[in-house]
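Take a look at the structure set out below.
The values are calculated or read from the model by the stated rules, or taken from the named source; none is laboratory data. From a predicted model like this one, the values you see are computed outputs, not experimental measurements. When we count neighbours, we look across all protein chains shown, and the Cβ atoms used for this are built from the backbone with ideal geometry, even at glycine. The accessibility values were calculated without ligands, DNA or RNA, using every heavy atom of the protein model including side chains. Shrake-Rupley method; radii C 1.70, N 1.55, O 1.52, S 1.80 Å.
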Number of protein chains: 2
Amino acid sequence: MAQKPSIPKGTRDFTPLEMARRNYIFDTIRNVFNLFGYRPIETPAMENLSTLMGKYGEEGDKLLFKILNSGDWLRGLEGLDIMQEGPAKLTSKVAEKGLRYDLTVPFARFVVQHRAEIQFPFKRYQIQPVWRADRPQKGRYREFYQCDADVIASDSLLNEVELLQMIDEVFARLGVNVAIKLNNRKILAGIAELIGEPNKIVDITVAIDKLDKIGMDAVNAELAERGLSQQAIAALAPILAISGTVDRRLAQLAELLKTSETGLLGVKELEFVCAQTAKLGLRAELDLDVSLARGLNYYTGCIIEVKAKDVQIGSITGGGRYDNLTGVFGMPGVSGVGISFGADRIYDVLNALDLYPDSTRCSTTVMFANLGENEAAASLSIIKQLRNAGIAAEIYPDPAKMKKQMTYADSQSVPFVAIIGESEMEQGTVTLKDMNSGEQKSVTPAELVSILKN
Amino acid sequence: MAQKPSIPKGTRDFTPLEMARRNYIFDTIRNVFNLFGYRPIETPAMENLSTLMGKYGEEGDKLLFKILNSGDWLRGLEGLDIMQEGPAKLTSKVAEKGLRYDLTVPFARFVVQHRAEIQFPFKRYQIQPVWRADRPQKGRYREFYQCDADVIASDSLLNEVELLQMIDEVFARLGVNVAIKLNNRKILAGIAELIGEPNKIVDITVAIDKLDKIGMDAVNAELAERGLSQQAIAALAPILAISGTVDRRLAQLAELLKTSETGLLGVKELEFVCAQTAKLGLRAELDLDVSLARGLNYYTGCIIEVKAKDVQIGSITGGGRYDNLTGVFGMPGVSGVGISFGADRIYDVLNALDLYPDSTRCSTTVMFANLGENEAAASLSIIKQLRNAGIAAEIYPDPAKMKKQMTYADSQSVPFVAIIGESEMEQGTVTLKDMNSGEQKSVTPAELVSILKN
């Protein structure tokens, strides 16, 4: 009995056209990573659950895909115990492995496991899929790609500068207008310290993030609701009022945060990064956003977020500096900084703006029609010459009706069709049809190579 | 408490050097696939278990990695039932998804699911990892890559011809000497028919495969042991005695199998494929092997197997024609033919013979030493010019001791190190050190670009 085929929800097949588009994005990112001296690694899809559990919070633990132990996975369990323990506790007994949830934890595990072979600082990139048992919805998948570049064991802010250049280069090559927002965890700590609420960084940032939308009064109301004193709210006001260019705002922040050593350090770091990138020239808009608060659980210095200016889709790239990525695996005090390109959202942006080059549309340069056994044999020997010259070429495998063969050529967006029939065989020529103009001409095999080479 | 990091047995991390080597192999295969008009697809790592189960035999079902259902995976089960049912039956209740085991079944599922969008014949390739819960051992992994090319919905033997050209091209590019063995399922059926044992194809091929090693008498003894009559064994003798060139042997087979319509068709198919490839010229050795019997469960026509001549490692590529790949998913009677490159074994062969080009050894073309903040800033602006010219370049991020920086450059096999110190800044020059010759010279930034461009 035939099965009706389907794939798990939240996963996707990619057709040749989709692959060409996605590979265009991956290749662009990979080329920029290589250009900046980052080197690729890959880690297994499966990690031990002991590596993954507890690294993404309680919710993350639930979203890990767990792999049932092979063979008799019930061994050592009693039926009654099973029902009493319930699924959460029992999972650790029947599943020892899980699918990777991101590329960061596997990278940390990799660094510690291979520390003896690695020459630090280690600049690595990694482009691989990750899996999350999230509820699937538009733009959110259970299998999706991350493209991460990190440098580990270097404190230098030149890394931040270069990562910003890399972001700029990738989106310039892709033709996407982006705005890059910067913040620094130390500035947030300084602000919280200044207003006497050192433990309320998250509450403060969540509220002030809405300033543009709801206005100062509503933000202040929310801050009060979140437990900030009127004194703290009053102290925060001048910080929210800073204005002007990035440089000017940084100068105002330096003045406001002058009593906070941490806050001042954060300002200094951003000043350095902004000055250096300005000197080198970014095409993207670089902005300071003191409400930017992604990754507060792990980022300790610069925080980076990138949004597309012409498509509403949220963050398409993010990153920041962290100080203890590898500590949990027994290698404490190693600072690193990294960025992650969200390939699937970038794909959505390029689809929305139709920014793909023509090269992603067609496969081979020429398809030879198939007019019969002898004609096909003659075609194959010319096709061999084309391929030797690096020209992708194919022959329609069956001597089908010409209409069917041309429909196939159209569906593949093949720019040229070559025809070798009886008269062409006699004359040693090829009839070449330009599929865009419809123009048709008779050429020699040598002419064919030189025409298609261009 | 720190965890000692490790990965699941049978899986591997790949370091930058290993990645460069593996990508060299994947890129070579991918380029040849593209050159011949095959187009890429990708399918999800996870498939529904209903898609995978029963497709690889009973043993294969056991070797599938199964993914525990998310959330309360015990829902609807009673403890007592659990112990009574045992792990095999219970698995289907707690796991609905599994990791793909090969690329063939997902391809068949893809074709049927997307049949309305696909223009047939469909020439697809797919380069993705697969997972099997095999006992790990040398050369056998639980996660490994397959590189498959198939054309579906075309009966033409030109596909077989082109697939052989593709195999030849890939191994010529990789510099690996290979022997390609050919057989045809119809010849095996003809032989079995001829000797009156139509159901003993497998027994016959297993025994005659040992001819070279153990000699005719021992083979005949084994055939008797496997239940073949003396009459059948006697009838088989002239088939085993065919000798000479491939063409001569095919002619002898045609004569011997003249009473078997199926057998003769198989001979004709091989004659066509051999004649066409001979005309086009293969660099690899092409041989006929009537004992070649891989994939007898599904292959219906040509059978292909490739071995490296200079490394003992078994088959590194295989393939054949099948007639009912998609039948199980409700699309019967579609013929196809395909090949699969075993990337991990090819990797072992290239490692054994050290066949990697120099380009797989180094990452960036030049590393700039870091002599301090001002020097680094000057370096960054020259590095930007290099990158704009397409030259991969990096700066050592920290102003560390020169010895440490040079050790890093060595470890990355960087061919050039550039130094900008105080005097270079004054003179607007760069000191360039060739890491192979040790030679050092002073150049202008423009000269630097042109030297490194070559």
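Which condition number does residue A:66 fail, the rest of (1) open to solvent by 20 Å² or more (accessible area, probe 1.4 Å); (2) more than 7 Å from chain B (Cβ to nearest Cβ) being met?
Only one criterion in (1) open to solvent by 20 Å² or more (accessible area, probe 1.4 Å); (2) more than 7 Å from chain B (Cβ to nearest Cβ) is unmet by residue A:66, namely (2).
Go through segment B:106-134 and count every residue that is outside any strand (DSSP E or B), open to solvent by less than 20 Å² (accessible area, probe 1.4 Å) and of a type in the set (A, V, I, L, M). Give the derivation first.
First pass over segment B:106-134, keeping only residues outside any strand (DSSP E or B): B:106-121, B:132-134.
Then keep just the ones that are open to solvent by less than 20 Å² (accessible area, probe 1.4 Å); that gives B:106-112, B:121, B:133.
Keeping just the survivors that are of a type in the set (A, V, I, L, M) gives B:108, B:111-112, B:133.
Summing the residues that are outside any strand (DSSP E or B), open to solvent by less than 20 Å² (accessible area, probe 1.4 Å) and of a type in the set (A, V, I, L, M) in segment B:106-134 gives 4.
State the number of residues belonging to segment B:248-267 that are in contact with a Leu (Cβ under 9 Å, 6 or more places away or on another chain) and either charged (D, E, K, R) or open to solvent by 30 Å² or more (accessible area, probe 1.4 Å) (or both). Talk me through it step by step, then tell me what you get.
Residues of segment B:248-267 that are in contact with a Leu (Cβ under 9 Å, 6 or more places away or on another chain), as a first pass: B:249-250, B:253-254, B:256-260, B:263-264, B:266-267.
Those still in the list that are either charged (D, E, K, R) or open to solvent by 30 Å² or more (accessible area, probe 1.4 Å) (or both) too: B:249, B:256, B:258-259, B:264.
The total comes to 5.
Pull out all pairs, ordered by first then second residue, where Cβ-Cβ is under 7 Å, the residues are six or more apart or on different chains, the first lies in segment B:164-185 and is touching a residue at least 24 places away in the same chain (Cβ under 8 Å), and the second is open to solvent by 10 Å² or more (accessible area, probe 1.4 Å) and part of a helix (DSSP H, G or I).
B:165/B:280; B:170/B:28; B:173/B:28; B:174/B:28; B:184/B:269
When residue A:169 is evaluated against the numbered criteria (1) at the interface with chain B (Cβ under 10 Å from one of its Cβ atoms); (2) surrounded by 19 or more Cβ atoms within 10 Å (Cβ to Cβ); (3) in contact with a strand residue (DSSP E or B) (Cβ under 9 Å, 6 or more places away or on another chain), which criterion, by number, is the only one it fails?
Going through (1) at the interface with chain B (Cβ under 10 Å from one of its Cβ atoms); (2) surrounded by 19 or more Cβ atoms within 10 Å (Cβ to Cβ); (3) in contact with a strand residue (DSSP E or B) (Cβ under 9 Å, 6 or more places away or on another chain) one by one, residue A:169 breaks only (3).
Restricting to segment B:21-44, count the residues that are crowded, with 20+ Cβ neighbours inside 10 Å, within 14 Å of residue B:170 (Cα to Cα) and facing chain A (nearest Cβ under 7 Å).
The number of residues fulfilling the criteria is 2.
Where the second residue is in a loop (DSSP other than H, G, I, E, B) and not charged (D, E, K, R) and the first is more than 7 Å from chain B (Cβ to nearest Cβ) and open to solvent by 10 Å² or more (accessible area, probe 1.4 Å) and lies in segment A:45-63, which pairs have Cβ atoms under 6 Å and are six or more apart or on separate chains?
Correct list of pairs: A:56/A:101; A:61/A:53; A:63/A:133.
Among the residues that make up segment B:365-381, is at least one of them open to solvent by 10 Å² or more (accessible area, probe 1.4 Å), within 27 Å of residue B:25 (Cα to Cα), of a type in the set (S, T, N, Q) and at pLDDT below 95?
No, that holds for no residue.
Are there any strands (runs of 3 or more DSSP E) wholly within segment A:294-368 with 2 or more residues that are touching a residue at least 12 places away in the same chain (Cβ under 8 Å), β-branched (Val, Ile, Thr) and in contact with a strand residue (DSSP E or B) (Cβ under 8 Å, 6 or more places away or on another chain), and if so which? Lay out the reasoning, then the answer.
Working: elements: A:299-308, A:315-322, A:336-341, A:366-368.
It comes to A:299-308, A:315-322, A:336-341.
Which number in (1) open to solvent by 40 Å² or more (accessible area, probe 1.4 Å); (2) modelled with pLDDT under 95 marks the one condition that residue B:144 misses?
Of the numbered conditions (1) open to solvent by 40 Å² or more (accessible area, probe 1.4 Å); (2) modelled with pLDDT under 95, the odd one out for residue B:144 is (2).
Of all residues in segment A:326-354, count the ones that are of a type outside the set (Gly, Ala, Ser), open to solvent by 50 Å² or more (accessible area, probe 1.4 Å) and away from chain B (no Cβ under 11 Å).
Narrowing segment A:326-354 to residues of a type outside the set (Gly, Ala, Ser): A:326, A:328-329, A:331-332, A:334, A:337, A:339, A:341, A:344-351, A:353-354.
Checking the rest, the ones that are also open to solvent by 50 Å² or more (accessible area, probe 1.4 Å) come to A:328, A:332, A:345, A:351, A:353-354.
This time we only want the ones that are away from chain B (no Cβ under 11 Å), so: A:345, A:351, A:353-354.
Summing the residues that are of a type outside the set (Gly, Ala, Ser), open to solvent by 50 Å² or more (accessible area, probe 1.4 Å) and away from chain B (no Cβ under 11 Å) in segment A:326-354 gives 4.
Scanning segment A:117-150 for residues that are polar (S, T, N, Q) and within 14 Å of residue A:27 (Cα to Cα), which turns out farthest from the other protein chains (Cβ to nearest Cβ)?
Restricting attention to segment A:117-150, the residues satisfying the condition of being polar (S, T, N, Q) are A:119, A:126, A:128, A:137, A:146.
Narrowing the set further to residues that are within 14 Å of residue A:27 (Cα to Cα) leaves A:126, A:128, A:146.
Numbers: A:126: 9, A:128: 10, A:146: 14 Å.
My answer is A:146.
Hey, among B:42, B:117, B:85, which residue is closer than 25 Å to residue A:367 by Cβ and modelled with pLDDT under 95? Write out each step before concluding.
On the way: B:42 fails: modelled with pLDDT under 95; B:85 fails: closer than 25 Å to residue A:367 by Cβ.
Of B:42, B:117, B:85, the one residue that is closer than 25 Å to residue A:367 by Cβ and modelled with pLDDT under 95 is B:117.
Just name the residue that is nearest to residue A:159 (Cα to Cα) out of those in segment B:375-433 that are basic (Lys, Arg) and away from chain A (no Cβ under 11 Å).
Step one: filter segment B:375-433 for residues basic (Lys, Arg), giving B:384, B:387, B:401, B:403-404, B:433.
Those still in the list that are away from chain A (no Cβ under 11 Å) too: B:401, B:403, B:433.
Values: B:401: 18, B:403: 21, B:433: 24 Å.
Going through the qualifying residues, I end up with B:401.
All but one of (1) open to solvent by 30 Å² or more (accessible area, probe 1.4 Å); (2) outside any loop (DSSP other than H, G, I, E, B); (3) over 16 Å from residue B:194 (Cβ atoms) hold for residue B:243, so report the exception by its number.
(2)
Just name the residue that is nearest to residue A:241 (Cα to Cα) out of those in segment A:195-220 that are open to solvent by 60 Å² or more (accessible area, probe 1.4 Å) and not in a loop (DSSP other than H, G, I, E, B). Let's see the steps before the verdict.
So the first thing to find is which residues in segment A:195-220 are open to solvent by 60 Å² or more (accessible area, probe 1.4 Å), and the list is A:198-199, A:202, A:209-210, A:212-214, A:216-217.
Right, trim to not in a loop (DSSP other than H, G, I, E, B) and you get A:202, A:212-214, A:216-217.
Numbers: A:202: 19, A:212: 12, A:213: 15, A:214: 15, A:216: 10, A:217: 13 Å.
The selected residue is A:216.
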